[in-house]
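Contents: one structure, followed by commentary.
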Amino acid sequence: MKRFFLEKVKNSHIIIAAVLTVVMLGVMDIYSLPAIAKAAGGIPAFDLQTFGYSQQTAEQFLQALSDSGRALFLHFQLPLDFAFAFVYTFLFLALFIRLHPKGYKLSFLALILFCLDIAENTLSVLFLKLNTIPPVLFKIGSAVTLTKNLFTLICALIIIVFLILRLINRKKNK
């Protein structure tokens, strides 16, 4: 993987991935997620619950969510969110590996984040499609959301540290 990102991935690929990440995030934050929350009487979707969610909150969201909100979630938001996971994972892997000589050793963090996001989205699909949801699934979903958010923060902080280190090294070399 290190070799692929160092030899095959160009700066233009990273820029495109960064732009796509920002655009996809913007569409979700400005359009689909607010529309879904509005369709659920103001209750935010599962993956917007930074510290996880209770079974009661999840059930309130599912009960309040209108048919059009459910359709938007299932047929627009979640497909976009699945694609988003691939794009930002590519971006994070590229930045880890390209910004720091030892960054490839931390690439597993971005892959764990990817798996958590896919699991979270898959659970959201199940929640939206099942009539009866076992309580254990809510607990798993909440734990996945919390853990995904933690890994997102960790990955973002690593990238920031790598960027700062790179800037410091550039100043030293001038």
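Remarks
- Neighbours by Cβ (under 6 Å, 6+ apart or cross-chain): first from the stretch 99-128, over 17 Å from residue 141 (Cβ atoms); second outside any helix (DSSP H, G or I) and not aromatic (Phe, Trp, Tyr): none
- Tabulated pairs, the stretch 1-22, first closer than 18 Å to residue 107 by Cα and modelled with pLDDT under 95, second of a type in the set (S, T, N, Q) and open to solvent by 100 Å² or more (accessible area, probe 1.4 Å), C-beta under 9 angstrom, 6+ apart or interchain: none
- The single residue among 155, 115 that is over 30 Å from residue 71 (Cβ atoms), in a helix (DSSP H, G or I) and hydrophobic (A, V, I, L, M, F, W, C) turns out to be 155.
Okay, residues lined up against (1) assigned to a helix (DSSP H, G or I); (2) within 30 Å of residue 11 (Cβ to Cβ); (3) open to solvent by less than 60 Å² (accessible area, probe 1.4 Å); (4) at pLDDT 95 or above:
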residue	(1), (2), (3), (4)
59	yes, no, no, no
84	yes, yes, yes, yes
88	yes, yes, yes, yes
120	yes, no, yes, yes
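- All conditions in (1) under 30 Å from residue 63 (Cβ atoms); (2) surrounded by fewer than 18 Cβ atoms within 10 Å (Cβ to Cβ); (3) β-branched (Val, Ile, Thr) hold for residue 161, with the sole exception of (1).
- Given (1) surrounded by fewer than 17 Cβ atoms within 10 Å (Cβ to Cβ); (2) in contact with a Gly (Cβ under 8 Å, 6 or more places away or on another chain), number of the condition residue 96 does not satisfy: (1)
- If the condition is being touching a helix residue (DSSP H, G or I) at 6+ places or on another chain (Cβ under 8 Å), of a type in the set (A, V, I, L, M) and assigned to a helix (DSSP H, G or I), then the stretch 6-30 contributes 6, 14, 17, 18, 20, 24, 25, 27, 28.
- Leading residue by the ranking (most open to solvent (accessible area, probe 1.4 Å)) among those in the stretch 43-55 that are under 18 Å from the mean Cα position of the chain (by Cα) and of a type in the set (A, V, I, L, M): 48
- Residue 74 vs. criteria under 23 Å from residue 144 (Cα atoms), at pLDDT 95 or above and buried (at least 16 other Cβ atoms within 10 Å of the Cβ): no
- If the condition is being of a type in the set (Gly, Ala, Ser), surrounded by 12 or more Cβ atoms within 10 Å (Cβ to Cβ) and within 27 Å of residue 99 (Cβ to Cβ), then the stretch 1-42 contributes 17, 18.
- Residue match in the stretch 58-74 (condition: over 29 Å from residue 31 (Cβ atoms) and in contact with a Lys or Arg (Cβ under 9 Å, 6 or more places away or on another chain)): no
The values are calculated or read from the model by the stated rules, or taken from the named source; none is laboratory data. Because the structure is a prediction, the values reported are computed rather than measured. As a convention, Cβ positions derive from the backbone with ideal geometry for all residues, glycine included, and neighbour counts pool all protein chains shown. In case anyone asks, the SASA skips ligands and DNA or RNA and just uses the protein heavy atoms, side chains included. Shrake-Rupley method; radii C 1.70, N 1.55, O 1.52, S 1.80 Å.
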